[in-house]
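The values are calculated or read from the model by the stated rules, or taken from the named source; none is laboratory data. Just so we're clear, the structure is a prediction, and the values are computed from it rather than from any experiment. Every residue, glycine as well, gets a Cβ built from its backbone with ideal geometry; the counts of neighbours run over all protein chains shown.
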Amino acid sequence: MADIMNEYRNLVEFLGKVLPKNCEVALQDVRAGRNCITAIANGHISGRKEGSPLTNLAVKFINEGTWKDNDFITDYVGCTKEKKQLRSSTYFIKESGKLLGMLCINIDDSSYFEISRMLFSLVGIPHESAASQEADMVKDSRNMEPESFYEDIEDLTELLINEYFSGKNHVPSDRLNQTEKMDIVKRLEEKGAFMVKGAVGKVAKRLSMSDASMYRYLSRIEKEKSKQP
């Protein structure tokens, strides 16, 4: 039986050639054992590549079953590691009632905003008006959380460690206590980091833990989740 995802991989390559270079096209395969980007065009937009992990929103769409009642979600806000905002949309790839993947398009509108600011300046309209227009264009009326893009598991782990210690004294990973490590692992688990093959070993190394200890942490998290109503 033909793998439908192969057709979408071809589509990613095609769209990457016909769409402007400010449009990133990414195929996220969410089937067991994959859970990562398997094809991408214009990856310079988000800094990602094949093998990069699922985004926070992709994991949320899966966990909340968003794909069951929607064929696609359009025009929400994405945010790169450099804090650049993108206009993002996702198409859910389904077969026989199962979610196979997501075809995502992320558009960098910054050049259009720059042209808009120049035009506003030429006709004497205050800069604040251009800034207001830009804010309205990226505002999501559905109050969805911004989509965050990660290059790899190490990138995601580093980001969450920095977030965890924001406003605190940053402690080297080999000096983290058990509670701190558990909190970081919980945040990674919530973002679907461990859905990617090989992630456990990479995160364990970054947190100066053994793979066995990491699996014990994940087992505790699963037990805690199973007790929740």
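Data for the structure
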item: Criterion (modelled with pLDDT of 90 or more and within 25 Å of L156 (Cα to Cα)) met by exactly one of K60, K17, K49; result: K49
item: F14 assigned to a helix (DSSP H, G or I), farther than 13 Å from G101 by Cβ, out of contact with any strand residue (DSSP E or B) (no Cβ under 6 Å at 6 or more places or on another chain) and not basic (K, R); result: yes
item: Meets criteria (without any contact (Cβ under 8 Å) to a residue 40 or more places away in the chain, in contact with a Leu (Cβ under 9 Å, 6 or more places away or on another chain) and charged (D, E, K, R)) for R31; result: no
item: Some residue of segment 63-74 being in contact with a strand residue (DSSP E or B) (Cβ under 6 Å, 6 or more places away or on another chain), closer than 24 Å to A193 by Cα and acidic (D, E); result: no
item: Members of segment 6-36 found to be among the β-branched types (V, I, T) and within 17 Å of F149 (Cα to Cα), listed by number; result: V25, V30
item: Residues (modelled with pLDDT of 90 or more and in a strand (DSSP E or B)) located in segment 78-98; result: G78, L86, R87, S88, S89, T90, Y91, F92, I93, K94, E95, K98
item: Considering residues of segment 20-36 that are in a loop (DSSP other than H, G, I, E, B) and more than 12 Å from the chain's Cα centre (by Cα) only, the residue surrounded by the fewest Cβ atoms within 10 Å (Cβ to Cβ); result: A32
item: Y76 more than 13 Å from the chain's Cα centre (by Cα) and not polar (S, T, N, Q); result: no
item: Flag for I105 being in contact with a Cys (Cβ under 8 Å, 6 or more places away or on another chain), more than 16 Å from E145 (Cβ to Cβ), among the hydrophobic types (A, V, I, L, M, F, W, C) and not assigned by TED's automatic domain parsing to the domain that holds E189; result: yes
item: Residue within segment 44-64 that is part of a strand (DSSP E or B) and among the hydroxyl-bearing types (S, T, Y) present; result: no
item: Answer residue from segment 142-183, given it is hydroxyl-bearing (S, T, Y) and in contact with a strand residue (DSSP E or B) (Cβ under 6 Å, 6 or more places away or on another chain) and is modelled with the lowest pLDDT among those; result: Y150
item: Exclusive hit being in contact with a Ser or Thr (Cβ under 6 Å, 6 or more places away or on another chain) and surrounded by 14 or more Cβ atoms within 10 Å (Cβ to Cβ), set L218, L207, L188, L176; result: L207
item: Number of positions in segment 74-115 that are closer than 23 Å to R9 by Cβ and of a type in the set (S, T, Y); result: 6
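Residues checked against (1) at pLDDT 85 or above; (2) farther than 24 Å from L57 by Cα; (3) outside any helix (DSSP H, G or I):
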position: V185; (1), (2), (3): yes, no, no
position: F194; (1), (2), (3): no, no, no
position: M209; (1), (2), (3): yes, yes, yes
position: R216; (1), (2), (3): yes, yes, no
position: K225; (1), (2), (3): no, no, no
position: P229; (1), (2), (3): no, no, yes
